[in-house]
Amino acid sequence: MTPATAPPPPVPVADERLANISLASRVLRRPEIGALLAAIVVAIFFWTQSSLFLQLDGIANWTDVASTIGIPAVMVALLMIGGEFDLSAGVMTGTAGLTMGVLATEVGMNIWFAIVLTLIGATGIGFLNGYMVMKTKLPSFIVTLATFFILQGLNLGVTKVITDQVTVGGIDLAAGYSSANSIFGGSFGSHDFRITVLWWIAITILATWVLTRTRMGNWIYGVGGDANAARNVGVPVARVKVGLFMATSFVCALTGIMVALRLASTQAGQGVGEEFQYIIAAVVGGCVLTGGFGSAVGAALGATIIGMAFIGIQFSGWNTDWRFLFLGVILLVAVLVNNYIRKRAEGAR
């Protein structure tokens with residue numbers, strides 16, 4: 001009798017849905033691909049209008065604008081991926097600058113202590129936004145719109161009561177200003193790149209790591225895609241969303257502190273309306289209004305496009321009043337291109 005031969009090991013079956021998807025299709029499915037292509041086109045266009053645009057001095061100019069938009073835009077993008085909005089993000093930058101300025105100049109606090117208290121207060125406001133959204137089930141659009149008007153009124157009213165004007169100046173005279181400014185509001189390099197550019201890059205890297213390499217990132221995508229399904233599989237939906245609101249307020253306040261330290265003053269109207277620029281940057285970067293899709297890198301690229309547009313128009317010698325028209329066109333075209341690329345990629349092999 002011949003010994004029985006062992007059966008051959010099972011051959012793993014490849015998932016045909018994944019095996020048939022080409023590299024090009026996988027690249028096109030990335031949420032930031034449309035923003036990357038748009039950024040290249042915008043850069044080339046303004047470079048043809050002014051050779052200074054892509055020189056180091058020119059890059060220092062438009063990255064300065066892009067960074068102060070991009071830092072909040074990255075967190076606004078994460079909040080949008082989680083399925084929520086924060087319309088108070090812009091005015092929060094002004095509130096933070098005013099709070100820090102009043103504490104440092106009128107109360108006499110060390111600037112570092114004022115910064116810490118300001119960030120704690122801003123995070124608390126973010127918690128209230130998230131708590132109200134989760135408890136009342138009201139749309140975050142409504143809750144944060146109310147916060148927007150409350151903060152706008154407080155910024156104007158309280159500032160006028162304390163200083164008898166709508167601005168807070170003399171921040172550079174506060175104790176600890178030099179060290180705080182060197183970290184948050186200064187510049188580096190021979191071409192005067194702003195320190196906010198480094199903060200922008202660092203926050204984008206951190207947010208990308210959270211989204212792509214951590215369980216929290218999966219939760220953010222999950223609660224934005226389908227909150228009920230995420231809750232059914234054990235995702236703490238309320239904690240995730242409240243945490244996103246808190247992080248958004250914290251980062252927006254940090255941006256306001258950076259701007260106030262750089263200028264050594266701030267005014268009651270600071271940041272009003274900038275929340276739309278943050279949302280535009282996130283949408284141009286691939287975020288969808290329904291949540292569950294987008295990336296931090298895409299939001300950073302969206303902010304880059306806005307920064308290039310604002311400074312490029314000046315370098316080209318055009319009337320700066322046209323920049324908001326340009327911004328609206330960019331938003332519309334980017335949304336159409338992103339949708340087209342994504343649909344083609346999803347149907348491609």
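The values are calculated or read from the model by the stated rules, or taken from the named source; none is laboratory data. Worth saying up front: this structure is predicted, and the values here are computed from it rather than measured. Cβ coordinates were reconstructed from backbone atoms using ideal geometry, including for glycine residues, and neighbour counts include every protein chain displayed. Surface accessibility is based on the protein's heavy atoms, side chains included, excluding ligands, DNA and RNA. Shrake-Rupley method; radii C 1.70, N 1.55, O 1.52, S 1.80 Å.
For segment 261-286, the set of residues classified as modelled with pLDDT of 90 or more, in contact with a Phe, Trp or Tyr (Cβ under 9 Å, 6 or more places away or on another chain), open to solvent by less than 30 Å² (accessible area, probe 1.4 Å) and farther than 20 Å from Ala202 by Cβ consists of Ala264, Glu275, Ile279, listed by residue number.
Checking each residue of segment 215-232 against the condition of being in contact (Cβ under 8 Å) with a residue 12 or more places away in the chain and in a loop (DSSP other than H, G, I, E, B) gives at least one match. Only one of the listed residues (Asn20, Asn61) is modelled with pLDDT of 85 or more and either out of contact with any Asp or Glu (no Cβ under 8 Å at 6 or more places or on another chain) or among the aliphatic types (A, V, I, L, M) (or both). That residue is Asn61.
Taking the stated definitions as given, is Arg342 at pLDDT below 90 and open to solvent by 60 Å² or more (accessible area, probe 1.4 Å)? So Arg342 fails the test.
Here's the yes/no breakdown for (1) under 25 Å from Thr105 (Cα atoms); (2) hydrophobic (A, V, I, L, M, F, W, C); (3) out of contact with any Pro (no Cβ under 6 Å at 6 or more places or on another chain):
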| site | (1), (2), (3) |
| --- | --- |
| Pro139 | no, no, yes |
| Thr159 | yes, no, yes |
| Ala175 | yes, yes, yes |
| Ser179 | yes, no, yes |
| Asp192 | no, no, yes |
| Leu198 | no, yes, yes |
| Thr204 | no, no, yes |
| Gly225 | no, no, yes |
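If you check Val240, Val233 for being surrounded by 19 or more Cβ atoms within 10 Å (Cβ to Cβ) and more than 17 Å from the chain's Cα centre (by Cα), only one passes: Val240. For the subset of segment 185-230 comprising residues that are open to solvent by 50 Å² or more (accessible area, probe 1.4 Å), more than 17 Å from the chain's Cα centre (by Cα) and of a type in the set (Ser, Thr, Tyr), which member is nearest to Gly307 (Cα to Cα)? Looking at residues that are open to solvent by 50 Å² or more (accessible area, probe 1.4 Å), more than 17 Å from the chain's Cα centre (by Cα) and of a type in the set (Ser, Thr, Tyr), I get Ser187.
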